[in-house]
Amino acid sequence: MPLKNRTSQGKNTFDKISRILAENGAKKVMFDYSNDGKMEAISFAIEIEGQLSGFKLPAMVENVTEIMFGGEDRHGNKKKVTDAQREQAYKTAWANVRDWIDAQVAMITTKQVKIEQVFLPYMVMKDGNTLYENMKNQNLLLK
């Protein structure tokens, strides 16, 4: 199966993400950066039933890099990933985040789902982790 956005040029991806969120109720939009200066997650706040709720969506670029260019060569050695390949995986990962947000917002706009149904796993809890991260740390149990 072909990989979505495999050849994305990444043009205006972050502007498009910010615009989609802002046009659909986001009160705050912020990008989180890794130590290498690359964006690794987007955080935003949306008002839900009168209360501002924060969300954090990671791009998981390393996972995309592994899917696109990783694995082993014919000798069983881990493949070396070039800088150009890492950059393409970065563009692909963020294009997928952009498209996913766009699709979810379309479903929210048409009242097929509520915002909390879609973004709930990414809701930032009091400890700074997302709901999903807390559940994962507790063997996917809600406590």
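The values are calculated or read from the model by the stated rules, or taken from the named source; none is laboratory data. Note that the structure is predicted; figures quoted are calculated from it, not measured. Virtual Cβ from ideal backbone geometry, glycine too; neighbours counted across all protein chains shown.
Tally up the residues in region 111-143 that are in contact (Cβ under 8 Å) with a residue 12 or more places away in the chain, in contact with a strand residue (DSSP E or B) (Cβ under 8 Å, 6 or more places away or on another chain), among the aliphatic types (A, V, I, L, M) and in a helix (DSSP H, G or I), please.
Adding up the residues that qualify gives 1.
Being of a type in the set (Lys, Arg), touching a helix residue (DSSP H, G or I) at 6+ places or on another chain (Cβ under 7 Å) and surrounded by fewer than 19 Cβ atoms within 10 Å (Cβ to Cβ) is the filter here, so list the residues in region 75-113 that pass it.
Result: Lys79, Arg86.
Tell me the residue from Thr130, Thr82, Thr92, Thr65 that is β-branched (Val, Ile, Thr) and more than 20 Å from the chain's Cα centre (by Cα), please.
When all the criteria are applied, what remains is Thr82.
Report yes if some residue within region 81-93 is of a type in the set (A, V, I, L, M, F, W, C) and under 30 Å from Ile48 (Cβ atoms); otherwise report no.
Yes, the conditions are met somewhere in region 81-93.
Can you tell which of Ser18, Ser8 is over 29 Å from Lys126 (Cα atoms), surrounded by 11 or more Cβ atoms within 10 Å (Cβ to Cβ) and of a type in the set (Gly, Ala, Ser)?
Of Ser18, Ser8, the one residue that is over 29 Å from Lys126 (Cα atoms), surrounded by 11 or more Cβ atoms within 10 Å (Cβ to Cβ) and of a type in the set (Gly, Ala, Ser) is Ser8.
Out of curiosity, is Ser53 under 18 Å from Asn129 (Cβ atoms) and in contact (Cβ under 8 Å) with a residue 12 or more places away in the chain?
Judged against the criteria, Ser53 is a match.
Among the candidates Lys56, Lys78, single out the residue that is at pLDDT 95 or above and farther than 19 Å from Leu3 by Cβ.
Working: Lys78 fails: at pLDDT 95 or above.
Going through Lys56, Lys78 in turn, just one is at pLDDT 95 or above and farther than 19 Å from Leu3 by Cβ: Lys56.
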